[in-house]
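The next block holds one structure in the form of structure tokens; read it before the comments.
What follows draws every value from the coordinates through simple rules; no lab data is involved. As the structure is a prediction and not an experimental result, all values here were calculated from the model. Every residue, glycine as well, gets a Cβ built from its backbone with ideal geometry; the counts of neighbours run over all protein chains shown.
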Ligand SMILES: Cc1ncc(COP(=O)(O)O)c(C=O)c1O
């Protein structure tokens, strides 16, 4: 009896946890990462995880070797290697070492910005935007002002600028944007920042997680504004093109005063493990590898965009390692159906439209995805008696 009651309680507890953390119901997608869960079966050989914008090409082999070798010193704290990585990034980006902050993924720096700046006033951001930013801002209890994207599904800089007031303490701009994959022109974004900062004094957080995949010539990093002394924080990550998502390394660049303010809310004096720091140090030098990944990603992006358009979908032009496209019917149902066929993607609903976001994998993975998508579409059409 007691055992049964315990079991029941456990089932209820798990159910509640699912409700709280389910990516579809507003929890953190990282906490309840959908892996092949109990009871789920599909006919494919192995599941395809195209839902977290991870690189299918892995990390540079030399970076992997460096991480393995670093294990021989795993008994030591990693302080000096923090300094080494900061120095390397500073030299590359032409800023001072004290203008660099490191974190366990760029997420850590993002949350530091939320806790040190966002909580002080109001946060202005696009809707939709990168899910985790909104999630952590709401966890921190921030007041948020959301501004719809423009008709081209890009940041609406005019309306964002109109939303800023003297109460605004943090502005979040994700460029390239997640989940749309779109970018805004560098000159436009610079002007936006300069105009806002001439009148008010928020911190502008520019999330450049997908910076390395862009080939649109109008795009520009906002690091130049930092060099010019503007209160801008740019965050970047080793999780995407460098293939180090599991190693958790990210960095931020800002004025040395902003970095000091961020450091005050750090809750772990060294959150990046030594092998991760070593892998990142080496990965920064692997320009051939990075170029090859960039090119392969661009080829995949072209192929998937074209194939989806040929299948009749409305596809947004992506500058990232994922593609967002509109579907008819419930995006969640399509995603669940695809999951049963062994393909994990992300579903979104905004502007009264349903969307699916697929991470670009290798060519053969994209072919499997397109095939399974066809299956899902034809079941949807049959179910709705459209064919
Ligand atoms: C826009 C954006 N910012 C930040 C991150 C977090 O990356 P990290 O692994 O560096 O924490 C992601 C991850 O997908 C992202 O899409």
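More than 15 Å apart: what percent of Cα pairs in the stretch 128-180 qualify? Walk me through the numbers before you get to the answer.
Values: 662 of 1378 pairs.
Taking all Cα-Cα pairs of the stretch 128-180, the fraction more than 15 Å apart is 48 percent.
In deg cm²/dmol, rounded to 500, what helix-only [θ] at 222 nm does the chain give when every DSSP H run of at least 4 residues adds -39500 (n - 2.57) and the total is split over its residues? Walk me through the intermediate numbers first.
Working: 13 runs with 164 residues, N = 387.
One gets -13500 deg cm²/dmol as the mean residue ellipticity at 222 nm.
Using a Debye calculation, one point per C-alpha and no hydration shell, please list log10 I(q)/I(0) for the stretch 91-133 at q = 0.17, 0.18 Å⁻¹ in order.
Summing over Cα pairs of the stretch 91-133 leads to -0.64, -0.70.
Per q in 0.06, 0.07, 0.10 Å⁻¹, report the Debye log10 I(q)/I(0) for the chain, using one uniform scatterer on each alpha carbon and no solvent.
With one equal scatterer per Cα and no solvent, log10 I(q)/I(0) is -0.25, -0.34, -0.69.
For the stretch 257-352, report the % of Cα-Cα distances exceeding 16 Å.
Values: 3370 of 4560 pairs.
Of all Cα-Cα pairs in the stretch 257-352, 74 percent lie more than 16 Å apart.
Can you give the percent of C-alpha pairs in the stretch 167-215 whose distance is more than 18 Å? Write down the numbers at each step before the final one.
Details: 391 of 1176 pairs.
Everything past 18 Å amounts to 33 percent.
Provide the descending list of Cα extents for the stretch 65-139 along its principal axes, expressed in whole angstroms.
44, 27, 21
Any idea how far apart residue 371 and residue 97 come out in nm if each label point goes 7 Å out from Cα toward Cβ?
5.3
Would you calculate the separation in nanometres between label points at residue 188 and residue 352, each defined as 7 Å from the Cα along the Cα-to-beta-carbon direction?
About 2.4 nm, to one decimal.
Assuming 0.36 nm per residue, please report the length gained on full extension of the stretch residue 79 to residue 330 beyond their Cα-Cα distance.
Values: separation 251, 0.36 × 251 = 90.36 nm, distance 4.92 nm.
Between residue 79 and residue 330, full extension yields an extra 85.4 nm.
Which order do 359, 267 fall in if you start with the one that has the fewest other Cβ atoms within 10 Å?
267, 359
Please report Rg (one decimal) and Dmax (integer) in Å for the Cα set of the stretch 61-285.
17.2, 54
Compute the helix-to-body angle for 186-199: its Cα long axis versus the longest principal axis of the chain, expressed 0 to 90° and rounded to tens.
Roughly 60 degrees between the two axes.
Would you calculate the convex hull of the Cα atoms in the stretch 170-246 and tell me its volume per residue in Å³?
Numbers: hull volume 7.5 nm³, N = 77.
Convex hull of Cα atoms, per residue: 97 Å³.
Put a dot 7 Å past each Cα toward the Cβ at residue 217 and residue 143; how far apart are the dots in nm?
Computed distance between label sites residue 143 and residue 217 equals 4.5 nm.
Taking only the alpha-carbon atoms of the stretch 209-266, what semi-axes of the equivalent ellipsoid follow from 5 times the gyration tensor eigenvalues under a square root, in whole Å, largest first?
Details: eigenvalues 97, 71, 6 Å².
The answer is 22, 19, 5 Å, longest axis first.
Could you state the number of Å between the C-alpha centres of the stretch 314-387 and the stretch 80-130?
Cα centres, the stretch 80-130 to the stretch 314-387: 33 Å.
For a quick check: sort 314, 238, 192 by the number of other beta carbons within 10 angstrom, fewest at the front.
Values: 314 12, 238 25, 192 21.
So the residues, fewest neighbours to most, are 314, 192, 238.
With both partners inside the stretch 61-285, how many of the DSSP beta bridges are antiparallel, as a percent to the nearest 5? Kindly include the intermediate steps, with their values, before the conclusion.
Details: 8 of 27 bridges.
Rounded to the nearest five, the antiparallel share is 30 percent.
Compute the angle between helix 2-21 and the longest alpha-carbon principal axis of the chain, please, reported from 0 to 90 degrees and rounded to the nearest 10.
Roughly 60 degrees, rounded to the nearest 10.
Compute the acute angle (0 to 90°) between the alpha-carbon long axis of helix 106-116 and the principal axis of greatest extent of the alpha-carbon atoms of the chain; round to the nearest 10°.
Taking the Cα atoms of the chain, the angle to 106-116 is about 60 degrees.
Counting DSSP beta bridges in the chain, what percent are antiparallel, to the nearest 5?
On the way: 21 of 42 bridges.
Of all bridge pairs located within the chain, approximately 50 percent are antiparallel.
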